[in-house]
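The values are calculated or read from the model by the stated rules, or taken from the named source; none is laboratory data. Quick caveat: nothing in here was measured; it's all calculated off a predicted structure. Here the Cβ positions follow ideal geometry from the backbone for every residue, glycine too, while neighbour counts run over all protein chains shown. These accessible areas exclude ligands, DNA and RNA; they are computed on the full protein's heavy atoms, side chains included. Shrake-Rupley method; radii C 1.70, N 1.55, O 1.52, S 1.80 Å.
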Amino acid sequence: MSARSERYLEEMGLAPVWKLRGRRETRPGAPQAEVPASTAPAPASMGDDKVRLEPSWKARLLREFSQPYMRDLREFLKKEIQARKVIYPRGGEYFAALDHTPFDKVKVVILGQDPYHGVNQAHGLCFSVRPRVEIPPSLQNIFIELKNDLGIEPPDHGHLVHWAEQGVLLLNATLTVEAGRAGSHQDKGWEKFTDIIVDALNREREGLVFVLWGSTAQRKGAFIDTRKHLVLKGPHPSPLSAHRGFFGCRHFSKINAYLQAQGKAPIDWRLPKLAAL
């Protein structure tokens, strides 16, 4: 492999190991998240110090990085990048949903499909785009429903980090995509990894809200225990399906009513102004 390819892989977070660069990186000597006995990572060739994830998620997911399906996924991504294909989001943002919403802080899970495949859109949170990027049609429809439900005026951007930092896990089923090719990284291993994330929340937590818009999300969340959690289902907010029942679903007010009934703070669905980002 050329030095140039090595540098590019490093920037994408794929060499020499999986990485997540960004906030909440563990400092030397900082307290580490305790690993519950039931989720302690099995002995593996990939050391604990070589997978950089938010600590509460790392405690539950580290073992997955040494499973054959994840090794295959990593090799697939390396080959795609070596072939000079453009992959979204950036390598340091593959696990951004986990970084912004630690395991114990999750209140709501919104399941998406795969990242946006347009230039400069995806940044690791489903339905969200970077500031100063045109708001995609599905997200426009989400904002329309939010106004109809709670009277919140549509914001001037589609950057949903404010939701994530309040406990809304914005999780795509597939965490990467090739530029201009929707669904191009499906069935490469990401779905199994994100199934593990959903399963951990389903088993270890109680009183969460799982939002399943569209048939793909509903299949992915079919195993969620409705005795422990609230599951909200509806059509996808895409322009192709929003008029089949997404509009009028009132999921945002239902989420907050459920959270408040359990003594939890509701989600402030209002986004800060673009100028404040």
- Selection from segment 160-177 of residues within 12 Å of Trp269 (Cα to Cα) and either touching a His at 6+ places or on another chain (Cβ under 8 Å) or free of Cβ contacts under 8 Å to residues at least 40 places away in the same chain (or both) yields Val161, Ala164, Glu165
- Breaking point among (1) touching a Leu at 6+ places or on another chain (Cβ under 9 Å); (2) open to solvent by less than 40 Å² (accessible area, probe 1.4 Å); (3) in a loop (DSSP other than H, G, I, E, B), for His123: (1)
- When segment 67-99 is examined, which residues are found to be of a type in the set (A, V, I, L, M) and either more than 17 Å from Leu53 (Cα to Cα) or not in a helix (DSSP H, G or I) (or both)? Leu73, Leu77, Ile81, Ala83, Val86, Ile87
- Query: Of the conditions (1) in contact (Cβ under 8 Å) with a residue 40 or more places away in the chain; (2) touching a strand residue (DSSP E or B) at 6+ places or on another chain (Cβ under 6 Å); (3) charged (D, E, K, R), Arg205 fails just one. Which one is it?
  - Reply: (2)
- Message: Just to be sure before I move on: is Phe143 in contact with a strand residue (DSSP E or B) (Cβ under 9 Å, 6 or more places away or on another chain), open to solvent by less than 50 Å² (accessible area, probe 1.4 Å), within 30 Å of Ala257 (Cβ to Cβ) and of a type outside the set (D, E, K, R) in the structure I sent?
- Response: no
- Out of Gly245, Gly180, report the one residue that is without any contact (Cβ under 8 Å) to a residue 12 or more places away in the chain and surrounded by fewer than 16 Cβ atoms within 10 Å (Cβ to Cβ). Gly245
- Would you mind stating whether Thr194 is in a helix (DSSP H, G or I) and of a type in the set (Val, Ile, Thr)? yes
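Residues checked against (1) surrounded by 21 or more Cβ atoms within 10 Å (Cβ to Cβ); (2) assigned to a helix (DSSP H, G or I); (3) at pLDDT below 95; (4) touching a His at 6+ places or on another chain (Cβ under 9 Å):
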{"position": "Ala200", "(1), (2), (3), (4)": "no, yes, no, no"}
{"position": "Phe210", "(1), (2), (3), (4)": "yes, no, no, yes"}
{"position": "Leu232", "(1), (2), (3), (4)": "no, no, no, yes"}
{"position": "Ala257", "(1), (2), (3), (4)": "no, yes, no, no"}
